[in-house]
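Take a look at the structure below.
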Amino acid sequence: MFDIVSFIPRAVAQGIPLLFGSTGEIITEKSGNLNLGIPGVMYVGGICGVIGSFLYERSLGNPNLINPVLGILIPLVSCLVGSLIMGLLYCFLTVTLRANQNVTGLAMTTFGVGFGNFFGGSLIKLTGAEVPSIALSATSKLFRTTLPFAHTTGPVGGIFFSYGFLAYVAIILAFVASFVLKRTRTGLHLRAVGEDPAAADAVGIDITRYKYLATCLGCMVAGLGGLYYVMDYANGVWSNDAFGDRGWLAIALVIFTIWRPNISVFASILFGGLYILYLFIPTGENLAVKEIYKMLPYVVTIIVLVFSSLRNKRENQPPESLGLPYFREDR
Amino acid sequence: MPEKQCAVSLRGISKAFGKIQANHNVDLDIYRGEILALLGENGSGKTTLMNMLSGIYFPDSGTITIDGKPATISSPRDAFAYGIGMIHQHFKLINVFTAAENIVLGLQDEAGFNLDEAKTRIMSVCDAYSFEIDLDQKVYDMSVSQKQTVEIVKLLYRGTEVLILDEPTAVLTPQETDKLFAVLRNMRDSGKAIVIITHKLHEVLDISDRVSVLRKGEQIGELLTSKATAEQMTNMMVGRQVSLNIERPTPQDPRERIRVEGVTVRGSDGVVKLDNVSFSAYTGEILGIAGISGCGQKELLEAIAGLQAVEQGSIDYIEDDGTLDSLIGKDPLEIASMGIALSFVPEDRLGMGLVGSMDLADNMMLRSFRQGRSFFTDRKAPEHLAEKVIDELEVNTTSVHTPVSNLSGGNVQKVLVGREIASAPKVVLSAYAVRGLDVNSSYVIYDLLNKQKESGVAVVYVGEDLDVLLELCDRILVLCAGKVSGIVDGRNTTKNEVGLMMTNLGGAQ
């Protein structure tokens, strides 16, 4: 019997990092920057949060003395600052120096993963633990605090209220991003920059400012995905490479949702569900079947890529100047 | 008559791009209630000069005075603040936005963001000048003329007093041009200053009050249009005496060479691009193809050249002895191996015709690298050919090893046409052969095509300048939305007739 009540919360928990990543990447891509460094940014966001909270917990001596406000704020701010620096770096290279966006993005992913593993490894050494991971259970407990009535309201509570606050932040951010993109002047200007920077420039929109702001903001949102993964989903346990390929799935989601964060709310949960489906479908003793189920998110991504490239509607296409640098005096 | 009010005055403006001096010490005055034509060949610095007024470029030296006060324009936003707006040759519109969204784009001054209120205000601007636009239409669904209207409304909505139009008629039909000119006169009479950049003399004579001529970045002189003649302006523009007549020798012994019957082509998006097109091209004549841009001209040439799949119909090459060879379903290589010498000068020179980053000799080799049995390619012959082309067509380049993308548009075209003609073709297909070329280079190309015609080649010439089509071509096939609107004799037709056929099937009013 398929246990939908326990399946959905787990699908959501899987989907939230993807939602952060795809919302961030959509904001970025709407400004015409194709940031393939998102997986790296999410890694950096995660490890920066870990570093912040690790140092804080250590300074306390006894983790049980943790101050709830600082315990949340320190990793949160560390994560945002780390992701922001990645965003600034990306913008400086691609907007100011007009470097190739694909190369820069891929380099940043490689860098971000290496950065995460390097500091993760260093912290693991500092703890002197026998297992290759760091456990920040006190901080994680704060991040995983749910609404008090979550566990008393049965299936409804389980499905809707059993998540830490970052999950709701992700969903709210996605809807806000959708609203801003679609309904406000700022959104109109941002989309114009991504579609045709020359046209936007000619009506007096500051291209550099929009690109920097959108990309940095996008990176910070994506970085939160890394933080959510470590602190909430993984119970505060950091082990190297555990985050896996979620960053790439987040980028695939951008295409899947045809650049709409509000669709991404549902799509990311769908992806999250596919990611863990193998745990819920009786596969018997045959491990090979399990592995096939594990492939599902990737198979779906490929199918979606095929279909989205077949679609002809102009509004569903990527921003027209996605990936192209802009220089006003270009001839 | 009241004294004319000077809106903008430029003094000693210079601008260089690297080593190229685009403008040198230019003085220019723009008056309210007047249409000023800025005349010059391509690359003479007209657009650069106006881009400095609209804030796209910043001058290296010189001063700009607006309404008597010195002004610094360092961005398009500054230009709008001074009431200067420019309509660029390539429209600066966002394709996936509606007309209204494009018009309000970039404006910050209104409190709140309310598109419906903005639409009411836009409509009042439209009514004042009797523009007809659908504010909810997406730009990608619009015709060129509609897009231009959106651009004009966009400027007027911002309260622009000085309007600059960069080659506004390049892609319009004669009827649309007349409509535009009426609008411009209307705006002039309401006291706005208008600058129109063009290299078409008859337009200058038609619309402007005053004309200023640029050559090689410098201002050559200024004339009152009422006292100017076409001859005089050309001489100022080119710098020496030019004959403005295109030769048109009578076709010698025309025989049918290419027969196209009932050809229907569907584009990749499923839209019918060519609908039941039939015609023949004869040896020793130039067949012109006219039509609004995107009416199937490109597909027609590509179908003949074997680059476009044909849904229905037949395309046959008729050999000297009368045998028919079908060209349908064959790629260019197969067509060439059948012994049919077909030359195709595509519209997109650096995309389809030549490889920009490769040098002249290597580009020549693109046609010949399959020849010979040796494992290594023959590099000598293409180099000689490149030298010959440089020599005969007066290509301005430092050596045969200069990358083609470093050459100017005219020289690139000469290299491409030179290569295609060198293969001694029987059929020459050319698309927009003189697009972006200055007067001199254009005439070199016309001469080359005429020479081919005289040596018995069937030439198909797709053009956008109706004046040239009427002077150069023996027959003109007019396309209208993928259908043949009619085939007229180039010697006894009028611009108006062709223009009407371009917009209405068969030329009906």
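Among all positions in the range A:130-141, there is no residue which is surrounded by 17 or more Cβ atoms within 10 Å (Cβ to Cβ) and under 30 Å from residue B:98 (Cα atoms).
Close Cβ contacts (under 7 Å, 6 or more residues apart or on different chains) running from residues in the range A:288-300 that are in a helix (DSSP H, G or I) to residues that are surrounded by fewer than 14 Cβ atoms within 10 Å (Cβ to Cβ) comprise A:293/A:281.
Of the residues making up the range B:452-509, those that are hydrophobic (A, V, I, L, M, F, W, C), assigned to a loop (DSSP other than H, G, I, E, B) and either open to solvent by 10 Å² or more (accessible area, probe 1.4 Å) or at positive phi (or both) are B:481, B:508. Does residue B:153 count as out of contact with any Cys (no Cβ under 7 Å at 6 or more places or on another chain), more than 9 Å from every other protein chain (Cβ to nearest Cβ) and within 25 Å of residue B:193 (Cα to Cα)? No. Within the range A:187-206, is even one residue surrounded by 24 or more Cβ atoms within 10 Å (Cβ to Cβ), under 22 Å from residue A:43 (Cα atoms) and not basic (Lys, Arg)? No.
So in the range B:134-147, with the set limited to residues that are within 14 Å of chain A (Cβ to nearest Cβ) and not in a loop (DSSP other than H, G, I, E, B), which one is nearest to the chain's Cα centre (by Cα)? Can you show your working first?
Step one: of the range B:134-147, the residues within 14 Å of chain A (Cβ to nearest Cβ) are B:136-142, B:147.
If we keep only those that are not in a loop (DSSP other than H, G, I, E, B) too, we end up with B:138-141, B:147.
Values: B:138: 24, B:139: 21, B:140: 20, B:141: 21, B:147: 16 Å.
Among them, the one singled out is B:147.
Would you be able to say whether some residue in the range A:177-184 is in contact with a Phe, Trp or Tyr (Cβ under 6 Å, 6 or more places away or on another chain) and touching a residue at least 12 places away in the same chain (Cβ under 8 Å)?
Keep residues of the range A:177-184 that are in contact with a Phe, Trp or Tyr (Cβ under 6 Å, 6 or more places away or on another chain), which gives A:184.
The next check asks that each one be touching a residue at least 12 places away in the same chain (Cβ under 8 Å); those that pass are none.
Checked against the condition, which is being in contact with a Phe, Trp or Tyr (Cβ under 6 Å, 6 or more places away or on another chain) and touching a residue at least 12 places away in the same chain (Cβ under 8 Å), the range A:177-184 yields no hits at all.
Here the condition is being at pLDDT 85 or above, open to solvent by less than 20 Å² (accessible area, probe 1.4 Å) and acidic (Asp, Glu); of B:127, B:178, B:134, B:166, it holds for B:166 alone. Selection of the range A:230-260 for residues being assigned to a helix (DSSP H, G or I) and closer than 30 Å to residue A:316 by Cα yields A:246, A:247, A:248, A:249, A:250, A:251, A:252, A:253, A:254, A:255, A:256. Out of B:407, B:416, one residue alone is in contact with a Pro (Cβ under 9 Å, 6 or more places away or on another chain), closer than 26 Å to residue B:369 by Cβ and in the same structural domain as residue B:386 (by TED's automatic domain parsing). It is B:416. Being among the hydroxyl-bearing types (Ser, Thr, Tyr) and surrounded by 21 or more Cβ atoms within 10 Å (Cβ to Cβ) is not true of residue B:250.
Yes/no per residue for (1) modelled with pLDDT under 90; (2) within 10 Å of another protein chain (Cβ to nearest Cβ):
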{"position": "B:60", "(1), (2)": "no, no"}
{"position": "B:63", "(1), (2)": "no, no"}
{"position": "B:69", "(1), (2)": "no, no"}
{"position": "B:73", "(1), (2)": "no, no"}
{"position": "B:76", "(1), (2)": "yes, yes"}
{"position": "B:82", "(1), (2)": "no, no"}
{"position": "B:89", "(1), (2)": "yes, no"}
{"position": "B:95", "(1), (2)": "no, yes"}
{"position": "B:109", "(1), (2)": "yes, no"}
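Just one residue in the set B:44, B:74 is open to solvent by 50 Å² or more (accessible area, probe 1.4 Å), assigned to a loop (DSSP other than H, G, I, E, B) and either touching a strand residue (DSSP E or B) at 6+ places or on another chain (Cβ under 7 Å) or within 30 Å of residue B:27 (Cα to Cα) (or both); that residue is B:74. Screening residue A:225 on (1) in contact with a Phe, Trp or Tyr (Cβ under 6 Å, 6 or more places away or on another chain); (2) at pLDDT below 95 shows it passes everything except condition (2).
One residue stands out in the range A:94-110 among those that are more than 8 Å from residue A:37 (Cβ to Cβ) and in contact with a helix residue (DSSP H, G or I) (Cβ under 6 Å, 6 or more places away or on another chain): the one that is surrounded by the most Cβ atoms within 10 Å (Cβ to Cβ), namely A:94.
Considering the conditions (1) away from chain A (no Cβ under 14 Å); (2) modelled with pLDDT of 90 or more, residue B:52 is excluded by exactly one of them, (1). Of the residues in the range B:20-37, at least one is more than 14 Å from chain A (Cβ to nearest Cβ) and outside any strand (DSSP E or B). Looking at the range B:323-435, the helices (runs of 4 or more DSSP H) lying wholly inside it that each contain 1 or more residues that are crowded, with 22+ Cβ neighbours inside 10 Å sit at B:360-365, B:380-393, B:409-422. Among residues belonging to the range B:257-276 that are open to solvent by less than 20 Å² (accessible area, probe 1.4 Å) and closer than 29 Å to residue A:314 by Cα, point out the one that is farthest from the other protein chains (Cβ to nearest Cβ). The extreme case among them is B:263. All of A:218, A:272, A:244, A:204 fail the test of being more than 14 Å from chain B (Cβ to nearest Cβ) and in contact with a Ser or Thr (Cβ under 9 Å, 6 or more places away or on another chain), apart from A:218.
For first residues located in the range A:238-253 and surrounded by fewer than 24 Cβ atoms within 10 Å (Cβ to Cβ), partners that are in a loop (DSSP other than H, G, I, E, B) and lie 6+ apart or on another chain with Cβ distances below 6 Å form the pairs A:239/A:132; A:239/A:133.
The values are calculated or read from the model by the stated rules, or taken from the named source; none is laboratory data. As the structure is a computational prediction, the values presented were derived from the model and not from experiment. For neighbour counting, all protein chains shown are included, and Cβ atoms are generated from backbone atoms with ideal geometry for every residue, glycine included. These area figures cover heavy atoms from the full protein model, side chains too; ligands, DNA and RNA do not enter into them. Shrake-Rupley method; radii C 1.70, N 1.55, O 1.52, S 1.80 Å.
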